[in-house]
Each structure stands twice: as C-alpha cells, then as structure tokens.
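Written below as structure tokens is the structure these notes are about.
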Amino acid sequence: MNAMLGKIAVVIPPELEEKMKNNTELAQKVMERVDSFLLTNSTPGENEGFLMTFDENGEINHACVVGELKFTVSSSEFVEARRAREAKHAEYERLAEEAALKRRLMEQEADERYYKDSMTKKAVSIAAYEAAGILE
C-alpha cells in the first residue's frame with residue numbers, strides 16, 4: 001500500500017475512453033468528478049494515494065484512498081449513498097434559504113403594518129388636537 005502514497009490512478013474503461021474522445025463535455029465532466037473526489041476525500045498535510053475506476057457512463061464506480069494511517073475503499077453503493085447525502089444536504093439548504101426569505105418577508109410586512117398603524121394614530125391625534133383647538 002505504501003507504493004500508492006502520493007500517487008493518483010484513474011482507470012477508464014475502453015468504452016468510456018471512446019466516448020470521451022468524441023465528446024469533450026463528457027471528458028470535462030469526468031475530470032470534474034476526479035477533481036471533486038480528490039477535494040472531498042483528501043486530508044490536508046497527509047501523504048495519500050488515490051485510485052478511482054469509472055463505468056462506461058463516466059460515473060465513479062469504485063474508489064480507494066490510501067494514507068499512512070488509513071485505507072478507505074468506496075464501492076458504487078457508497079458513492080451513491082454519498083450522492084444521496086449531498087442531494088439531501090442541498091435540499092435542506094434550499095429549505096433553510098426559503099424559510100429565511102419567508103421570515104424576512106413577514107418582518108417586512110410587520111414593519112409596514114406598524115408604520116401604517118403609527119401613521120394612522122398620528123393622523124388621528126393631529127385631527128383631535130386640531131378639533132380641540134390646540135393646534136392652529
């Protein structure tokens with residue numbers, strides 16, 4: 001395992017390689033997946049090695065991270081579970097942003113009601129003072 005430390009190995013099946021030669025967008029997506037996996041699974045300051053295999057559609061189907069103190073294997077099930085967690089996290093973030101926006105709108109409406117109520121009270125007070133002859 002120490003032979004992998006500091007190295008990155010990416011295994012691309014021949015079917016995917018052919019698709020990538022003819023489709024630069026797919027090739028870019030595969031490279032983005034490699035970069036994303038490395039960013040997500042690397043530990044700063046630690047000497048690590050990475051192995052990723054892709055299926056014919058450009059999805060990571062197996063991955064392995066080897067470090068001086070760790071050895072992690074990820075199958076397609078784990079990758080799918082991670083994607084599901086990320087999707088759930090994104091949904092929670094969207095719901096939190098939506099709730100914050102609703103709170104802001106409710107606060108604005110409350111401020112507007114307070115302002116209108118305050119202006120109405122002032123107008124009534126001024127009218128009452130004028131009727132009593134205090135303001136002239």
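The values are calculated or read from the model by the stated rules, or taken from the named source; none is laboratory data. Since this is a predicted model, take the numbers as computed values, not measurements. Neighbour counts run over all protein chains shown; Cβ positions are idealised from the backbone, glycine included. Accessible surface is based on the protein model in full, side chains and every heavy atom, while ligands, DNA and RNA are left aside. Shrake-Rupley method; radii C 1.70, N 1.55, O 1.52, S 1.80 Å.
For Thr24 and Asp55, what is the calculated FRET efficiency with R₀ set at 25 Å and r taken between the beta-carbons, to the nearest 0.05? Mind dumping the intermediate values first?
Values: r = 19 Å, r/R0 = 0.78.
Here the calculated transfer efficiency is 0.80.
Tell me, what is the FRET efficiency for Tyr114 and Ala87 to the nearest 0.05, using R0 = 30 angstrom and their Cβ-Cβ distance as r?
0.15
Return the long-range amide H neighbours of Asn61 (sequence gap of 5 or more, or a different chain), with a cut-off of under 5 Å between placed amide H atoms.
Those qualifying (amide H under 5 Å, at least 5 residues apart or on another chain) are Thr53, Phe54, Asp55.
Considering the values [x] 10, 26, 14, 9, 9, 8, 8, 9, 6, 1; [y] 12, 43, 29, 13, 4, 0; [z] 10, 23, 19, 11, 8, 8, 7, 7, 5, 1, which represents P(r) over Cα pairs in 10 Å bins from 0, in percent as calculated for the structure under consideration?
Among [x] 10, 26, 14, 9, 9, 8, 8, 9, 6, 1; [y] 12, 43, 29, 13, 4, 0; [z] 10, 23, 19, 11, 8, 8, 7, 7, 5, 1, the one calculated here is [z].
Please work out the FRET efficiency for the pair Asp35 and Ala99, using the Cβ-Cβ distance as r and a Förster radius of 30 Å; give the result to the nearest 0.05. Intermediate results must be reported in sequence, preceding the final value.
Details: r = 32 Å, r/R0 = 1.08.
So the FRET efficiency works out to roughly 0.40.
Per residue, how large is the accessible surface of the chain? Use a 1.4 angstrom probe and give square angstrom.
On the way: 10280 Å² over 136 residues.
Heavy-atom SASA per residue in the chain reads 76 Å².
Rounded to the nearest percent, how much of the accessible area of the chain (1.4 Å probe, protein heavy atoms only) is carbon and sulfur? The partial results should precede the final answer.
Values: 5830 of 10280 Å².
Within the chain, the accessible surface is 57 percent carbon and sulfur.
Determine the relative contact order of the chain: mean sequence separation of Cα pairs under 8 Å and six or more apart, normalised by residue count, in whole percent.
Values: 116 pairs, mean separation 26.5, N = 136.
Relative contact order here is 19 percent.
For the charge dipole of the chain, defined by +1 on Lys and Arg C-beta atoms and -1 on Asp and Glu C-beta atoms about the Cα centroid, which residue among Val10, Ala127, Ala87 has the Cα displaced farthest towards the positive pole?
Ala127
What fraction of the DSSP beta bridges in the chain is antiparallel, stated in percent and rounded to the nearest 5? Let's see the in-between values first.
Numbers: 12 of 16 bridges.
The antiparallel proportion sits near 75 percent.
Name the long-range amide H neighbours of Val10: under 5 Å, sequence gap of 5 or more, or other chain; modelled H, no Pro or chain starts.
Answer set, sorted by chain and number: Met52.
Determine the dipole magnitude for the chain: charges of +1 sit on the beta-carbon of Lys and Arg, -1 on that of Asp and Glu, nothing else is charged, the reference point is the Cα centre, and the result goes in debye to the nearest 20. Don't skip to the answer; put the middle values down first.
Values: 18 positive and 26 negative charges, 62 e Å.
That gives a dipole near 300 debye.
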